[in-house]
Structures are given as C-alpha cells and as structure tokens.
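Visitor: Shown below is the structure under consideration.
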Amino acid sequence: MNKLAIIIVNYKGWQALDECLSSLQAITSDKMILEVIVVDNFSDDGFFETFQKKFHSFTFILNSGNNGFANGCNVGTAHASSDYLLFLNPDTKVDQQNLESFFEAYIKHENEIAVLSCLQIDENGKFYKQYNLLPKFATFFGIPRAIYKLFFKNKITAIFQENEEFMYPEWITGAVVLVSKKWFDKVSGWNEDFWMYMEDVDLCKRISDVNGKIAVFKKATIFHKHGGASRINIKTKALTKTEVIISKHAYIRNNFSPVSQFLLHSRLIFGVLLEKTVLSCLAFPLFFIPKLQVNKLILKNYISYLFSVVENHTFISPRASTFFASRS
C-alpha cells in the first residue's frame, strides 16, 4: 500500500483549516496510507495547541516565523516519510473517492507525469481555470498576452494537449500539487525566493526544464474556496495583492536574462505605480467603494518595497526566507 504525505501550510486560516482537516480525518482508505503534516507559519494566536489536540493523529509543526508558502512546504517535506507529496491549501476539502482516484492516477502514470493536479471547484460551483501558460518575455503582461492568445490560437491549442483523463497545462496552481519525492528532490524543492504567489509557476518551470511533464487529472475534483486562505481583511488583502506584484519581480529575477530582467522590471514598476496612483486618487472621492480603498494600501506597500530594492539590491521580498542571503 502506497503512503501519501499531505502537507498543508497555514497562517491564521484556522476556520478553513478545520474543515480541511476534518475532511481528511474522515478518510478511512484501504488503498493508501495518509501522513498529514500541518506547518503553521507562526500564527501566534493560541489556536496551534488546540488544533494539535483536536487532530492528534496528524503532525503539527510550528515554523520559526511567517516565512512564506514555499518555506513552509519545504519544512513540511523535511518531516515527511513518504515517497509521494501532496501540497494542499488549507482552504480545500477532500473526499475519499476523489483523493484515491487522484493518487492512483499519479502512481499509474508517474513515469510520464512529474507533477499532477486535479480539477478544482469553488463555493459557487465554478471550476478554476487550468489552462495556464508559462510567462515569457513577450507575454508577461496582460495586454500582450491577450494579443498572443488571439493571434496564436493554433500554437496554444498544440501546447494544451489533452485526452479523456488528463490535460497538460504548462503550470498548475499551488493549491493542489502532487509530486514524487524523486522529482521534488531533483529540482531542490520549492524556491524560497517566493514568499507568496508564483512559486507554483516557478516549480513547474524548473521541472519542465528537466523534462518533467505537468498534468491535471480530469476525473477527480477537490473543493477550493476562492481566496479563502489569504483575504481575511482589507490589510491582508492589500498585503497579498502587493506580494503578487513582488512575486512577479522574483520570477523575473529567477527566469530571465539580465537584459530581459531590466526591461521587465522597469515595465512592471512603471505600470504598477501609474495604475495604483490613479486608483488611489479615485479612492478619495469614491470612498464608498471598498475595492478602491485597497489600492492606497497597495501603493504604500509597493513604494516601501521599492525602497527596499534600492537599499538591498535585490528584488526578493523582505518577507522571504532567502532575503538576507540575496542582498548584494
């Protein structure tokens, strides 16, 4: 019987985590052995011990700080004894039948598939988009990407091959990632230059670079609450949206040539500052629109980040575990 390590990184998402762990606790499979590992990124709010007691059959690890998703995943992996790793968001819920078929599909096809995800459905009954292209120089930003998709439909169709069981995007979301320890170790795990967001894109690119295939299993579905783990309040929303931008800088730093880096960083900085400044100005007269108010905080956070870039000579997020090592 194969053993599956399920690794979940949490930061103050206890309500969602409770539902996720309860769904896993209800699984009594005779087809697989589950090893559930929860890494809490130092929520420091008194719930850690409560959850340890409630889900005593699971392993709980208290991280040294809020070191990000990639770091938490690597910490959890270090405590896993399985040859198969399933990285799962805390705002997901899993049932036995879907998990068994998902895992069985990977075991059956692991010689041809390096990383596998499955279909994900949200609280509104909508399936998440799974046809994801890796960012390239010409398609890194929204408008050029839309033009590319419009004029190169045949090329995109050729990339997104699929059959009755699988579809093959260029990358999959980090909410549900099944990978063997062999492939995980081959690319040295998750890249901790990313504090939050785009670490899943980076992982898939590095695995693709060593000829690993990325796939989505179409015959299993996992519930994934949209934004459930990262949008607790307006400050958290602004922080996470700022980190989305910062992660784009980290991805550029890790995956493009020096000349391309300069051009992409410059375009991203100019675009973000222009957009957030305009939206922040609109937020004052339109104070009754909550979505606009978030932009003022994002602009403040982003400017603070740019000062850090100048001071420390690195585009890595100051929150990332590799930040101090990356400074020059």
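The values are calculated or read from the model by the stated rules, or taken from the named source; none is laboratory data. In this text the structure is predicted, and so the values were computed from the model without any measurement. Here Cβ is always computed from backbone atoms with ideal geometry, including for glycine, and neighbour counts include all displayed protein chains. Protein only, heavy atoms only, side chains kept; ligands, DNA and RNA dropped before computing areas. Shrake-Rupley method; radii C 1.70, N 1.55, O 1.52, S 1.80 Å.
Visitor: Working carefully through the options Lys296, Lys291, find the one that is open to solvent by 60 Å² or more (accessible area, probe 1.4 Å) and in contact (Cβ under 8 Å) with a residue 12 or more places away in the chain.
Guide: Matching residue, one of Lys296, Lys291: Lys296.
Visitor: Continuing with the same structure: Listed residues Leu268, Leu279; which is closer than 22 Å to Gly142 by Cα and open to solvent by 20 Å² or more (accessible area, probe 1.4 Å)?
Guide: So the residue among Leu268, Leu279 that is closer than 22 Å to Gly142 by Cα and open to solvent by 20 Å² or more (accessible area, probe 1.4 Å) is Leu279.
Visitor: Now for a different question. Tell me which of these Glu165 doesn't satisfy, since it passes every other one: (1) charged (D, E, K, R); (2) open to solvent by 40 Å² or more (accessible area, probe 1.4 Å); (3) free of Cβ contacts under 8 Å to residues at least 40 places away in the same chain.
Guide: Here Glu165 clears every test but (3).
Visitor: Here's something else I'd like to know. Give me a count of the residues in the range 59-88 that are assigned to a loop (DSSP other than H, G, I, E, B) and open to solvent by 30 Å² or more (accessible area, probe 1.4 Å).
Guide: So the answer is 6.
Visitor: State which residue pairs qualify: first residue over 17 Å from Lys213 (Cβ atoms) and inside the range 172-201, second residue of a type in the set (Ser, Thr, Tyr) and open to solvent by 10 Å² or more (accessible area, probe 1.4 Å) in any location, beta carbons under 6 Å apart, and separation of 6 or more residues or different chains.
Guide: Pairs found: Glu192/Ser321; Glu192/Thr322; Asp193/Thr322.
Visitor: Further question: Can you work out which of the residues in the range 89-99 that are out of contact with any strand residue (DSSP E or B) (no Cβ under 6 Å at 6 or more places or on another chain) and part of a helix (DSSP H, G or I) is most open to solvent (accessible area, probe 1.4 Å)?
Guide: For the range 89-99, the residue satisfying everything is Gln97.
Visitor: Follow-up. Give just the number: which of (1) modelled with pLDDT of 95 or more; (2) open to solvent by less than 20 Å² (accessible area, probe 1.4 Å); (3) among the hydroxyl-bearing types (Ser, Thr, Tyr) does Thr139 not satisfy?
Guide: Condition (1) is where Thr139 drops out.
Visitor: Ok, one more. Every residue in the range 106-121 that is more than 15 Å from Lys218 (Cα to Cα) and under 16 Å from the mean Cα position of the chain (by Cα), please.
Guide: The answer is none; no residue qualifies.
Visitor: I need a count of the residues in the range 114-139 that are part of a loop (DSSP other than H, G, I, E, B) and closer than 22 Å to Glu35 by Cα.
Guide: 1
Visitor: Right, another one. Do you know which residues across the range 212-244 are assigned to a helix (DSSP H, G or I), over 14 Å from the mean Cα position of the chain (by Cα) and at pLDDT 95 or above?
Guide: Thr242
Visitor: Within the range 176-185, is even one residue surrounded by 16 or more Cβ atoms within 10 Å (Cβ to Cβ), modelled with pLDDT under 90 and not acidic (Asp, Glu)?
Guide: No, the range 176-185 contains no residue that is surrounded by 16 or more Cβ atoms within 10 Å (Cβ to Cβ), modelled with pLDDT under 90 and not acidic (Asp, Glu).
Visitor: Oh, and also: Right, Phe102: among the aromatic types (Phe, Trp, Tyr) and open to solvent by 70 Å² or more (accessible area, probe 1.4 Å) or not?
Guide: no
Visitor: Go through (1) in a strand (DSSP E or B); (2) open to solvent by less than 10 Å² (accessible area, probe 1.4 Å) and name the single condition Ile207 misses.
Guide: The one condition Ile207 does not meet is (1).
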